[in-house]
Amino acid sequence: MGRIKYILSEFKIWFCNFIIAYIPSHAIRLAYYRYIMGFKIGKGSSILLGCRFNTSGLFIIKENSTINQFCHLDNRGGIEIGSNVSISPKVSLITADHDLNSKDFIGRSAAIIIEDYVFVGYGAIVLKNCDLKIGSVLGAASLLAHSTESYGIYMGVPAKLIKYRTKDFDYTCNYKRLFN
């Protein structure tokens, strides 16, 4: 029985990443993510075409947030995304790695938490155990290996604080494209 359960679990993830992720209907994708994958998705939030996940469960996105096309969401360690967050295309959120000094090459995982009003630029990479604090920004093609400060703007490889953002926000990130 254990082998059959494993095969069905793997099929569910494969079906999610290679069939569901490319269906040009936001309603169908969100229904699969909520009811089959067990993701918690807030009102007004969207996950656009081509996004890939590593496991079922362990994923929360609150209200009015958008994950753009072709993002890799490695949710094995857990990903929590706040409200009014904008994640650009081809972003990778990586919650797991291996202990390179372990003789068994043991796997490790830790959550990524993204608070409200965060913006993550195109192609950025966020590693496990990072918290992106309220209003922070991670620039395009940056690599974040540590938590941010609230309202901080980070850029580079590795990402470094370059300045601070205004604290006066009044916007939502709840946009959907018709076939995306």
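Every number in this text was worked out from the coordinates using simple rules, so none of it is lab data. Since the model is a prediction, treat every value here as computed from it, not as a measurement. Cβ coordinates were reconstructed from backbone atoms using ideal geometry, including for glycine residues, and neighbour counts include every protein chain displayed.
For the chain, with only Lys/Arg (+1) and Asp/Glu (-1) charged at the beta-carbon, what is the dipole magnitude about the Cα centre, in debye rounded to 20? Don't skip to the end; give the middle numbers.
Values: 21 positive and 13 negative charges, 86 e Å.
Dipole of the chain, to the nearest 20 debye: 420 debye.
Could you give the length gained on full extension between ARG165 and ALA145, defined as 0.36 nm per residue of separation minus the Cα-Cα distance, in nm? If you can, show how the numbers build up before the last one.
Numbers: separation 20, 0.36 × 20 = 7.20 nm, distance 2.02 nm.
Between ARG165 and ALA145, full extension yields 5.2 nm more.
With neighbour counts taken as other beta-carbon atoms within 10 Å, the residues ARG76, ARG34 rank, fewest first, as ARG34, ARG76. With only Cα atoms counted, the stretch 2-164 has Rg and Dmax values of 15.8, 52 Å. Between TYR122 and HIS98, what is the label-point separation in nm under the 7 Å Cα-to-beta-carbon projection? Placing both labels 7 Å beyond Cα along the Cβ direction yields 3.3 nm.
For the stretch 2-164, relative contact order (Cα pairs under 8 Å, six or more residues apart, normalised by length) works out to 13 percent.
If each residue of separation counts as 0.36 nm, what is the full-extension length gain between TYR35 and ARG177 once their alpha-carbon separation is subtracted? Spell out each step's value before the answer.
Details: separation 142, 0.36 × 142 = 51.12 nm, distance 2.24 nm.
Here the segment from TYR35 to ARG177 would lengthen by 48.9 nm.
Take 46-57, 156-167, 91-102, 63-74 and order them by the average number of nearby Cβ atoms within 10 Å per residue, most first; the result is 63-74, 46-57, 91-102, 156-167. In straight-distance terms, cross-link reach from LYS43 covers every one of the lysines whose alpha-carbon lies under 25 Å from its own, apart from those fewer than eight places away in the same chain; here that gives LYS12, LYS62, LYS90, LYS133, LYS167, LYS176.
Helix-derived [θ] at 222 nm for the chain: sum -39500 (n - 2.57) over DSSP H runs of at least 4, divide by residue count, nearest 500?
Numbers: 2 runs with 27 residues, N = 180.
It lands at -5000 deg cm²/dmol.
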